[in-house]
Amino acid sequence: MTLRRPRGVLFDLDGTLLDTAADLHHALTQVLNTHRLPLVSLEQARPVASHGSAGLLSLGFGSKFNADTQADLRAAFLSVYAADPYSRTQYFDGISELLTQLDAQDVQYGIVTNKPTQFTQALLPHFPQLAACRAVVCGDTLDVAKPHPAPLYLAAEQLGLEPNECWYVGDAERDIQAGRAAGMLTVLAHYGYVSEQDTPALWQADTEIQYPLQLLDLWT
Ligand SMILES: O=C(O)COP(=O)(O)O
């Protein structure tokens, strides 16, 4: 598919720009250890890493993650994660070069994540190209988060662009829902945390990429 080069590209963070699964998995491991429960492997945790603390805790605790326990478990998880959300985290291969290319082609870019501001702001300084983004909207920036389109509207505004001048790239169903609802062209980052139980063909993304630099091929 060859498309017109967008004026702006907005990206999801976990599972799209940054491979954060190992740090999230580390936090889950610590909490499971505290409760003397069996651990889950990184391979098991990766597919749910886009679903934040609730997704990971449900995976590790099963029915023990319930209405009575979830507040405490979440607090324990987040306190471990907050202490070090970056040591095991890295760019997906090609992201750094992709962002350099976007700069060179005068395509603006930004981040729309459901990750709370506290953790996003702890991570970004370790990834200077992301810290320099003109648009960063987190899960708690507004009182609604993806799949609601409002965070995407705000990010487009921060870039000084109309929503329909931006694309949205993400690896989860709620990313594609939010992008479609915002009237943006949606790109599924298939290299991210898409699990075997997911049905991305039903998400109706406009197009998909198998690795980050493939984004550039969509308009050249
Ligand atoms: O931490 C989360 O809840 C998910 O973050 P994401 O929106 O960047 O995938």
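Within the span defined as segment 125-138, one or more residues are surrounded by fewer than 15 Cβ atoms within 10 Å (Cβ to Cβ) and in contact (Cβ under 8 Å) with a residue 24 or more places away in the chain.
Tell me, yes or no, whether segment 149-163 has at least one residue that is farther than 19 Å from Gly15 by Cα, at pLDDT 95 or above and of a type in the set (Ser, Thr, Tyr). Scanning segment 149-163 turns up at least one residue that is farther than 19 Å from Gly15 by Cα, at pLDDT 95 or above and of a type in the set (Ser, Thr, Tyr). Note on segment 183-204: among residues that are within 15 Å of Cys166 (Cβ to Cβ) and part of a loop (DSSP other than H, G, I, E, B), the one that is nearest to the chain's Cα centre (by Cα) is Met184. Examine segment 32-41 for a residue that is of a type in the set (S, T, N, Q), more than 11 Å from the ligand (Cβ to nearest atom), modelled with pLDDT of 95 or more and not in a helix (DSSP H, G or I), and state whether such a residue exists. Scanning segment 32-41, I find at least one residue that is of a type in the set (S, T, N, Q), more than 11 Å from the ligand (Cβ to nearest atom), modelled with pLDDT of 95 or more and not in a helix (DSSP H, G or I), so the answer is yes. Go through (1) buried (at least 18 other Cβ atoms within 10 Å of the Cβ); (2) of a type in the set (Val, Ile, Thr); (3) in a helix (DSSP H, G or I) and name the single condition Thr141 misses. Thr141 satisfies every listed condition except (3).
Every condition in (1) under 29 Å from Arg4 (Cβ atoms); (2) within 14 Å of the ligand (Cβ to nearest atom); (3) assigned to a loop (DSSP other than H, G, I, E, B) holds for Asp106 except the one numbered (2).
The set of residues from segment 75-90 being crowded, with 16+ Cβ neighbours inside 10 Å, under 19 Å from the mean Cα position of the chain (by Cα) and in a helix (DSSP H, G or I) comprises Phe77, Leu78, Tyr81.
For segment 148-178, filtered to residues that are part of a loop (DSSP other than H, G, I, E, B) and more than 12 Å from the chain's Cα centre (by Cα), the residue that is farthest from Thr100 (Cα to Cα) is His148. As for segment 95-104, it holds at least one residue that is within 15 Å of the chain's Cα centre (by Cα), under 23 Å from Thr141 (Cβ atoms) and in contact (Cβ under 8 Å) with a residue 24 or more places away in the chain. Please go through segment 8-40 and give me each residue that is in contact with a Leu (Cβ under 9 Å, 6 or more places away or on another chain) and of a type in the set (Gly, Ala, Ser), ordered by number. Once the filter is applied, which keeps residues that are in contact with a Leu (Cβ under 9 Å, 6 or more places away or on another chain) and of a type in the set (Gly, Ala, Ser), segment 8-40 yields Gly8, Ala21, Ala22, Ala27. Considering (1) more than 13 Å from the ligand (Cβ to nearest atom); (2) on the phi < 0 side of the Ramachandran plot; (3) under 21 Å from the mean Cα position of the chain (by Cα), the lone condition that Ala71 does not fulfil carries the number (3).
Comparison of Gly62, Gly55 shows that the only residue that is assigned to a helix (DSSP H, G or I), within 15 Å of the ligand (Cβ to nearest atom) and free of Cβ contacts under 8 Å to residues at least 24 places away in the same chain is Gly55.
Scanning segment 158-172 for residues that are away from the ligand (no atom under 14 Å from the Cβ) and within 18 Å of Leu185 (Cβ to Cβ) yields Leu159, Leu161, Glu162, Pro163, Asn164, Glu165, Cys166, Trp167.
The values are calculated or read from the model by the stated rules, or taken from the named source; none is laboratory data. The model shown is predicted, which means the values in this text are computed figures rather than measured ones. Cβ sites come from the backbone with ideal geometry, for glycine too, and all protein chains shown count toward neighbours.
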